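Read the figures in this text as sums done on the coordinates, not as results from a lab. Small disclaimer: the values here were computed from a predicted structure and weren't measured. Reconstructed Cβ throughout: ideal geometry from the backbone, glycine too, with neighbour counts over all protein chains shown.
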Amino acid sequence: MAAKTRRAYQGGATASTISAQINSGDTSATVAAATGWPTGNPFYVVVDPGTSAEEKMLVTRSSTSLTIVTRGADNTSDVQHLSGAAIYPVFTAVDADEANELTSKWTTKGDLVTFDGTNFARQAVGSTNQVLVADSAQTNGIKWANVTGAMITDLTVDTADINDSAVTAAKIASAVAGAGLSGGAGTALAVNVDSSTIEINTDTLRVKDSGIVEAKIADGAVTSAKILDGTIVNDDINASAGIVDTKLATIATAGKVSNSATTATSANTANAIVARNASGNFTAGTITANLTGAVTGNASTATALATSRTIALSGDVSATGVSFDGSANITLSTAIGSAKVDTANIVNSAVTTVKIADDAVTGAKIAGTAAVAVASVETSGNIQVGGVLRTNKNTNDTYFQIVNSAGTALMQIDSNQGVNGNDLAGVGTLRAVFTLSDNRMGFSSSSQRFKEQVSAYQFDADAVRGMIPVRFKYRKAVEEQGDDAIWHYGFIAEQAEQGGLTELVQYDKDGLVEYFAYERMCVAQQQLIRDLYEKVEALEARLSALESK
């Protein structure tokens with residue numbers, strides 16, 4: 001029979017089902033729920049109860065996970081169980097049989113039930129006054145036996161274990177009477193005394209009055225605590241005793257120390273006590289003290305003025321008064337007075353752009369002889385820029401031109417047509433002009449001369465094909481013109497960005513989408529045109545091949 005184990009039981013356990021198939025030989029399982037099931041010690045469960053596959057198992061539980069200790073318990077078989085099979089805790093014949101086995105061992109008053117490592121066993125009661133002793137040689141590991149001296153550990157019997165008057169003279173060995181004692185071997189023990197220093201008085205051992213003489217006192221044994229206060233008189237102190245000054249208390253009574261017994265002098269003598277002369281005066285070098293009254297001479301270590309003073313500044317530079325007594329440094333907060341700084345006080349070139357407030361320089365501030373050569377306005381209203389470019393408008397204001405120093409028109413803006421390319425004939429090659437991010441105007445060059453790191457580039461063809469042409473009106477135009485605002489046609493930059501065509505998107509200074517680069521769209525479309533052309537050529541070739549058959 002297997003060794004006995006403690007098993008867990010708990011009332012109110014509810015039935016459940018297994019969550020996954022259990023195969024023969026499996027040592028673990030999972031249940032759908034384990035409400036009210038035991039924990040800790042092993043317990044029995046039954047799976048597929050009432051069916052041909054019924055099996056009892058000894059298990060332990062952690063939440064809904066079971067560890068199977070024994071399969072096919074209680075005369076059942078280790079078999080397969082399908083997912084969803086019923087399962088719940090059960091009391092088995094093994095539980096009942098072990099309880100019956102235990103109770104069957106008691107047959108006589110005083111019997112004990114032991115365990116021999118495999119089975120419950122009966123330990124019959126012993127004889128009167130015997131005690132239960134552990135003995136590994138016995139089948140059950142214990143036995144009844146009489147108490148012997150060998151069973152009592154040395155020095156374990158104390159006074160409380162011995163009955164009063166149980167130790168008689170006869171029980172005392174002769175060896176008990178050691179040095180200073182007599183008796184033993186059947187007679188009472190007695191203390192030997194000399195009756196000069198130690199005596200026995202009414203069964204009490206004590207030091208005899210006047211029994212402690214000088215010879216009995218060890219050197220250094222008499223400490224201060226042993227000497228009664230006020231008992232040492234002058235006669236007790238040897239005339240040659242060297243009492244050091246650290247042993248002396250403070251002398252506070254007047255007249256107890258004579259000047260002749262000290263180094264006191266009225267002269268300026270180092271390391272001497274000061275004594276006044278017959279006139280009450282004395283001579284000294286440096287005196288450190290808090291003095292009251294009139295003092296003459298110079299103070300070499302004074303830390304503060306007797307009366308503090310207020311220090312302030314006035315004039316072109318002023319400062320509010322600050323109290324000063326000499327004990328610490330002071331700081332004056334200075335300020336330059338209004339209109340106190342004139343031209344002579346300012347270093348040449350010290351007034352930079354950042355020193356001039358916005359809009360502070362007006363026409364009146366600029367000298368008539370100042371060489372402001374960046375731009376000038378002519379009487380006709382035209383603007384001259386550095387002698388290189390100038391504007392030119394006709395008398396009836398129907399157009400506006402930008403011309404060079406030779407008078408050749410570089411750009412013309414008509415009042416009713418905007419920039420008129422027809423009026424720019426003969427001025428050179430036309431090109432698209434762009435506004436740069438810093439508000440300057442420029443153009444994009446296509447010449448190989450201005451380029452490097454040139455390589456073929458493939459746009460996302462699906463994203464390019466996905467761009468949807470739209471028509472729209474600008475919000476500002478609608479606000480100003482209403483329904484009369486004109487229609488515009490193009491693309492939405494956000495669609496290009498969302499489609500991954502960030503190459504065709506321009507952003508503002510805050511990183512927001514602002515502009516769709518139409519001039520780059522033709523580059524992306526060229527890629528689609530090439531792809532379509534190649535596909536058409538391939539289809540024509542295939543068609544030609546089919547027609548030739």
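How long is the gain from residue 51 to residue 546 if the chain were fully straight, where each residue apart is worth 0.36 nm and the alpha carbon distance is subtracted? If you can, show how the numbers build up before the last one.
Values: separation 495, 0.36 × 495 = 178.20 nm, distance 7.49 nm.
Result for the pair: 170.7 nm of gain on full extension.
Any lysines with Cα under 21 Å of the residue 216 Cα? List them, leaving off those in the same chain fewer than 8 positions away.
Leaving aside lysines fewer than 8 places away in the same chain, those within reach of residue 216 are 208, 226.
Straight-line reach from residue 105: which lysines have Cα under 29 Å away, leaving out those fewer than 8 places along the same chain?
Those lysines meeting the cut-off are 4, 56, 143.
Between residue 225 and residue 334, what is the label-point separation in nm under the 7 Å Cα-to-beta-carbon projection?
Using points 7 Å along Cα→Cβ, the separation is 7.5 nm.
Within 10 Å of each residue's Cβ, count the other Cβ atoms and sort 202, 92 from fewest upward. Let's see the in-between values first.
Details: 202 5, 92 19.
Taking fewest neighbouring Cβ atoms as first place, the list is 202, 92.
When the chain is fully extended, how far beyond the present Cα-Cα distance does residue 108 get from residue 144, taking 0.36 nm per residue of separation? Provide the component values of the computation, followed by the final result.
Numbers: separation 36, 0.36 × 36 = 12.96 nm, distance 1.52 nm.
Contour length minus Cα-Cα distance gives 11.4 nm.
Can you list the HN-Hα couplings for the stretch 205-213, worked out from phi with the Karplus curve (6.51, -1.76, 1.60; θ = phi - 60°), rounded to whole Hz and with x for Gly and Pro?
8, 8, 6, 6, 3, 6, x, 8, 9
Sort 56-64, 521-529, 541-549 by packing, meaning the average of other beta carbons within 10 Å per residue, with the highest value first. Numbers along the way, then the final one.
Numbers: 56-64: 18.2, 521-529: 14.2, 541-549: 8.1.
The peptides rank, most packed first, as 56-64, 521-529, 541-549.
Do any trypsin sites (Lys or Arg not before Pro) in the stretch 1-43 lie in a loop, going by DSSP, with at most 15 other beta-carbon atoms within 10 Å of their beta carbon, and if so which? Please list the in-between numbers first.
Details: sites: 4, 6, 7; in loops: 4, 6, 7.
Here the trypsin sites (Lys or Arg not before Pro) that fit, given the DSSP loop and packing criteria, are 4, 6.
Give the long-range amide H neighbours of residue 54: residues separated by 5 or more places, or on another chain, with amide H under 5 Å away, using H modelled in the peptide plane at 1.01 Å from N.
none
Of the listed peptides 117-123, 17-23, 229-235, 274-280, what is their order by residue-averaged count of other C-beta atoms within 10 Å, with the highest listed first?
Details: 117-123: 14.4, 17-23: 16.6, 229-235: 6.9, 274-280: 9.7.
Going from most to least packed, we get 17-23, 117-123, 274-280, 229-235.
In µm²/s, what is D for the stretch 448-533 at 37 °C and 0.692 mPa s, where D = kT/(6 pi eta Rh) by Stokes-Einstein and Rh is the Kirkwood radius from Cα pairs?
Details: Rh = 15.0 Å.
The calculation lands on 218 µm²/s.
Quick one: of 355/476; 451/535; 476/509, which pairs are farther than 30 Å apart, Cα to Cα?
Numbers: 355/476 39 Å; 451/535 32 Å; 476/509 21 Å.
Violating the 30 Å Cα-Cα cut-off are 355/476; 451/535.
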